[in-house]
1. Count the lysine pairs in region 9-106 whose Cα atoms lie under 28 Å apart, taking only pairs 8 or more positions apart in sequence or on different chains.
2. Beyond 15 Å, how much of the Cα-Cα pair distribution for region 9-106 remains, as a whole percent?
3. Hey, can you rank 73-79, 21-27 by average C-beta count inside 10 Å, highest first?
4. Figure the gain on full extension for ILE67 and GLU36 (residue separation times 0.36 nm, minus the Cα-Cα span) and round it to one decimal in nm.
5. Quick one: putting +1 on the C-beta of Lys and Arg, -1 on the C-beta of Asp and Glu, what dipole do you get for region 9-106 around its Cα centre, in Debye to the nearest 20?
6. Using 0.36 nm per residue, how much length does the chain from GLU54 to GLU100 gain when fully extended, once their Cα-Cα distance is taken away?
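Every number in this text was worked out from the coordinates using simple rules, so none of it is lab data. Here the structure is a predicted model, which means the values were calculated and not measured. Backbone-built Cβ (ideal geometry, glycine too); neighbour counts: all protein chains shown.
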Amino acid sequence: YSEISILTKKSDVYSFGVVLFELMCGRRAIFDNIEEHCHIVEWARSKIVRGEVESIIDPRIKGQHKINSVWKVADIALACTARRSVERPNMDNILKDLNEAMEIETGYYAFDVTRTEVTTISMCSVETPISSANHPEHPIA
């Protein structure tokens, strides 16, 4: 978006990655860190690439998670916030990966990815149920 000033599915994916980082870290997208303003993506990326994923976890949830699921979500957020939009995953892959993180954490899948599609509408992404009436090109199996 910052380069061409047009919202796309890939700019929505970037925003979703920022939200994932905000949820993981318990911080706002831009926050003060000692004497400087930090963007959560750059701050989290620098910690993750050094293997310090535990250091970014919101202190309110530390110890209440499995480290492998945290790494999975961190990897998803990193992929979503890739600098080049062509390197960002699509929402179907993100949902599949989040399901895998949920399975690592809880032992079961949280979402039925066969029953939803992700639709981009202006500035936000929403999930809408698939039905044969609304989407004849995508009949429910």
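1. Lysine pairs meeting the criterion: 14.
2. Of all Cα-Cα distances in region 9-106, 60 percent exceed 15 Å.
3. 73-79, 21-27
4. So the extension gain works out to 8.2 nm.
5. About 160 debye.
6. Residue separation times 0.36 nm, minus the Cα-Cα distance, leaves 14.6 nm.
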